[in-house]
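Q: The structure under discussion is supplied below as structure tokens; questions concerning it will follow.
Please treat every number below as a calculation from the coordinates, not as lab data. This structure is a prediction, so every number in the text was calculated from the model and none was measured. As a convention, Cβ positions derive from the backbone with ideal geometry for all residues, glycine included, and neighbour counts pool all protein chains shown.
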Amino acid sequence: MGAFQSKRPSSVIDACDTFDQLPSEPLHDGTAFDFASTRGGVVLVVNVASYCGLTTKNYEDFKLLQDRFGDDLTILAFPCNGFMFQEPFGAKSACAFARKRGFKGMVFQKVKVNGSGASETFKWLKSRAGVRRIGWNFGKFLIDRDGKVRGYYPPQTRPRVFEGDVEALIGEKATEALA
């Protein structure tokens, strides 16, 4: 009798080498967003909340980055109600809130970023950045043109602080494997 080997399905963390390989996630309106559309671009992923003390300054800085870098930077915002219930309403309300502040990026459905039920996207991001737990709203992950996480910026770090990192990644070319 041969030995039986159980093949358990691999997790997204193991199966995806790059950000653009992640399974799609629903946007605020329910349509699927295919992460493959980010291939070759610089991406900033952030968990957001409308009623947080960090909200105003982060949205001001997102607008600054979007105005400066335009289509060279994609910002993906994931509403999260996991920190003191600071995103109590639905994703459509979170999107409307962001748009009123000049946010031009993609706004997704609400997600959990830590613990049981955490989004596969955030599990992958944290594993690649070496982050065990996102401490609050506005944890930010910077992804390069090759789909690799190049930086994690904790909630208290304003986006304008790492503007130079964004600029450097935009100036880099994607490797030929992805170009």
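Q: Which pairs break 31 Å Cα to Cα here: K104/K126; K100/K126; K104/K173; K112/K173?
A: Among K104/K126; K100/K126; K104/K173; K112/K173, the Cα-Cα distance tops 31 Å for K112/K173.
Q: Suppose every Lys and Arg Cβ carries +1 and every Asp and Glu Cβ carries -1, with no other charges. What dipole size does the chain come out with about its Cα centre, to the nearest 20 debye?
A: Around 640 debye, computed over the chain.
Q: Do you know the relative contact order of the chain, to the nearest whole percent, from alpha carbon pairs under 8 angstrom that are 6+ apart?
A: Relative contact order of the chain: 27 percent.
Q: Counting other beta carbons within 10 Å of each Cβ, put E87, E120 in order, fewest first. Mind dumping the intermediate values first?
A: Numbers: E87 25, E120 16.
Placing the least packed residue first, the sequence is E120, E87.
Q: Helix-only mean residue ellipticity at 222 nm, the chain, DSSP H runs n ≥ 4 weighted -39,500 (n - 2.57), per residue, nearest 500. What is it? Working shown, then result.
A: Details: 5 runs with 48 residues, N = 179.
Computed mean residue ellipticity for the chain: -8000 deg cm²/dmol.
Q: Long-range amide H contacts for F33: which residues qualify at under 5 Å (H placed 1.01 Å from N, peptide plane, sequence gap of 5 or more or a different chain)?
A: E25, L27
Q: If you take every DSSP beta bridge fully contained in the chain, what fraction is antiparallel? Give it as a percent rounded to 5.
A: Among the beta bridges of the chain, antiparallel pairing accounts for roughly 55 percent.
Q: Here's a follow-up. Considering only the other residues whose Cβ falls under 14 Å of the Cβ of I143, what net charge follows from Lys and Arg at +1 and Asp and Glu at -1?
A: Cβ neighbours under 14 Å give a net charge of 0.
Q: Once you have a ≥ b ≥ c as the square roots of the Cα gyration tensor eigenvalues for the chain, tell me rounded if a/c is under 1.5, and otherwise prolate or oblate according to whether a/b is larger than b/c.
A: Since a/c reaches 1.5 but b/c is at least a/b, the shape of the chain is classed as oblate.
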